[in-house]
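A.B. asks: To start, I am sharing the structure in question, which I have written as structure tokens.
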Amino acid sequence: AAATHKPQQQAKLRRIIVKTPEQITGIRNACRLASQTLDMVGERIAAGVTTEDINTWVHDFTLEHGAIPAPLGYHGFPKSVCTSLNHVICHGIPDSTVLKDGDIINVDVTPILDGYYGDSSRMFVIGDASEEARTLVRVAKECLDLGIEQVKPGAKLGTIGHAIQQHAEGHGFSVVRDFAGHGTGVEFHEAPQVVHYGRPGTGVALRPNMTLTIEPMINTGRHESRILADRWTAVTVDGSLSAQWEHTILVTETGSEVLTVSS
């Protein structure tokens with residue numbers, strides 16, 4: 001799940017936690033469960049399903065695998081998963097909304113397994129979506145992959161953000177500024193914040209055994225967001241479509257390892 005990117009929020013993020021080998025093992029296991037959870041959702045999701053159905057699947061699957069869903073009760077969040085549909089950028093709350101042909105939806109899961117967090121999200125295209133929607137989903141995934149390619153010891157966070165921003169804007173899309181990736185693993189949201197825009201060579205330098213999320217939120221229209229009355233759901237200000245993909249990444253001695261994979 002994305003961290004709020006506002007100056008007043010920066011102080012709330014704690015110090016960067018460079019992980020021990022034992023912690024990395026625990027985080028890797030939690031991340032594997034996150035990916036398996038999304039695999040399960042992918043097997044079931046279809047037109048006619050409600051976002052509350054997705055919440056039930058994720059909640060039950062998480063408990064069945066000896067974990068607990070981190071979103072549930074987090075600062076009052078009422079559900080076990082975020083389901084962000086069409087113009088919702090992030091933090092959508094599951095309810096009775098029925099998925100229909102042509103929708104795009106992000107499903108964002110974070111199980112806590114043995115005290116460690118695994119954070120990942122995927123886009124799902126329901127039926128026959130528009131060419132614009134499909135292109136957005138594809139480009140958002142490419143943005144994630146390009147961001148991951150920049151991860152190595154000594155690389156700066158601004159370099160990651162720049163690669164994402166250049167690719168998104170090169171396709172006529174915009175990058176959300178109000179939310180960011182973040183350190184994770186021992187806590188849900190750790191330092192540093194990982195913004196998805198920026199200048200090469202600026203920002204925090206990566207170190208081996210840091211774990212962090214990269215989770216670009218890409219819009220077809222303007223980049224600004226607004227929060228609905230539920231105080232969680234972030235939507236595009238102009239009603240344009242938004243897409244997001246997320247992985248948890250380990251900085252290794254020579255590059256990176258994507259932890260949120262099913263193998």
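A.B. asks: With (1) closer than 12 Å to ILE89 by Cα; (2) touching a Phe, Trp or Tyr at 6+ places or on another chain (Cβ under 9 Å); (3) buried (at least 21 other Cβ atoms within 10 Å of the Cβ) as the list, and TRP232 as the residue in question, which single condition is left unmet?
C.D. replies: Of the numbered conditions (1) closer than 12 Å to ILE89 by Cα; (2) touching a Phe, Trp or Tyr at 6+ places or on another chain (Cβ under 9 Å); (3) buried (at least 21 other Cβ atoms within 10 Å of the Cβ), the odd one out for TRP232 is (3).
A.B. asks: For segment 210-229, what are the residues that are out of contact with any Asp or Glu (no Cβ under 7 Å at 6 or more places or on another chain) and either within 13 Å of VAL88 (Cα to Cα) or among the hydroxyl-bearing types (Ser, Thr, Tyr) (or both)?
C.D. replies: Within segment 210-229, THR211, MET217, ILE218, ASN219, HIS223, GLU224, ARG226, ILE227, LEU228 qualify.
A.B. asks: Let me confirm something: among LEU250, LEU241, which residue is closer than 17 Å to HIS182 by Cβ, open to solvent by less than 60 Å² (accessible area, probe 1.4 Å) and in contact with a Ser or Thr (Cβ under 6 Å, 6 or more places away or on another chain)?
C.D. replies: One residue alone meets the criteria, LEU250.
A.B. asks: Identify the residue in segment 120-145 that is assigned to a loop (DSSP other than H, G, I, E, B) and not small (Gly, Ala, Ser) and, among all such residues, is farthest from MET40 (Cα to Cα).
C.D. replies: Looking at the filtered set, the residue picked out is ASP128.
A.B. asks: Assuming VAL204 fulfils every condition listed in (1) under 26 Å from GLY92 (Cβ atoms); (2) open to solvent by 40 Å² or more (accessible area, probe 1.4 Å); (3) in contact (Cβ under 8 Å) with a residue 12 or more places away in the chain apart from one, which condition is it?
C.D. replies: (1)
A.B. asks: While we're looking at this one, here's another question. Residues VAL194, VAL175, VAL186, VAL151: which one is within 16 Å of ALA243 (Cα to Cα) and modelled with pLDDT of 95 or more?
C.D. replies: Of VAL194, VAL175, VAL186, VAL151, the one residue that is within 16 Å of ALA243 (Cα to Cα) and modelled with pLDDT of 95 or more is VAL175.
A.B. asks: To continue, here is another question. Considering only segment 199-212, I want to know if a residue exists there that is part of a loop (DSSP other than H, G, I, E, B) and in contact with a Phe, Trp or Tyr (Cβ under 9 Å, 6 or more places away or on another chain).
C.D. replies: Looking for residues that are part of a loop (DSSP other than H, G, I, E, B) and in contact with a Phe, Trp or Tyr (Cβ under 9 Å, 6 or more places away or on another chain), one finds none in segment 199-212, hence no.
A.B. asks: Within the bounds of segment 141-161, is there any residue that is in contact (Cβ under 8 Å) with a residue 40 or more places away in the chain, among the hydroxyl-bearing types (Ser, Thr, Tyr) and open to solvent by less than 60 Å² (accessible area, probe 1.4 Å)?
C.D. replies: yes
A.B. asks: Further question on the same structure: Check segment 79-93 and report whether any residue there is touching a helix residue (DSSP H, G or I) at 6+ places or on another chain (Cβ under 6 Å), farther than 18 Å from SER242 by Cβ and among the β-branched types (Val, Ile, Thr).
C.D. replies: no
A.B. asks: In the list ASP103, ASP119, ASP108, ASP95, which residue meets the criterion of being more than 30 Å from GLU257 (Cβ to Cβ) and either of a type in the set (Lys, Arg) or open to solvent by less than 10 Å² (accessible area, probe 1.4 Å) (or both)?
C.D. replies: Selected residue: ASP103, the only one of ASP103, ASP119, ASP108, ASP95 that is more than 30 Å from GLU257 (Cβ to Cβ) and either of a type in the set (Lys, Arg) or open to solvent by less than 10 Å² (accessible area, probe 1.4 Å) (or both).
A.B. asks: Can you tell me how many residues in segment 28-82 are open to solvent by 10 Å² or more (accessible area, probe 1.4 Å) and hydroxyl-bearing (Ser, Thr, Tyr)?
C.D. replies: So the answer is 3.
A.B. asks: Then there is this: Could you list, in sequence order, all residues of segment 102-152 that are of a type in the set (Phe, Trp, Tyr) and closer than 19 Å to LYS19 by Cα?
C.D. replies: Answer for segment 102-152, where residues must be of a type in the set (Phe, Trp, Tyr) and closer than 19 Å to LYS19 by Cα: TYR116, TYR117.
A.B. asks: Kindly list the number of the only condition in (1) open to solvent by less than 50 Å² (accessible area, probe 1.4 Å); (2) in a loop (DSSP other than H, G, I, E, B) that fails for HIS167.
C.D. replies: Of the numbered conditions (1) open to solvent by less than 50 Å² (accessible area, probe 1.4 Å); (2) in a loop (DSSP other than H, G, I, E, B), the odd one out for HIS167 is (2).
A.B. asks: Name the single residue that is nearest to ALA133 (Cα to Cα) among those in segment 172-227 being within 12 Å of the chain's Cα centre (by Cα) and of a type in the set (Ser, Thr, Tyr).
C.D. replies: THR213
The values are calculated or read from the model by the stated rules, or taken from the named source; none is laboratory data. Note that the structure is a prediction, hence the values are computed from the model and not measured. When we count neighbours, we look across all protein chains shown, and the Cβ atoms used for this are built from the backbone with ideal geometry, even at glycine. To get the accessible areas, we keep the full protein, side chains included, count just its heavy atoms, and leave off ligands, DNA and RNA. Shrake-Rupley method; radii C 1.70, N 1.55, O 1.52, S 1.80 Å.
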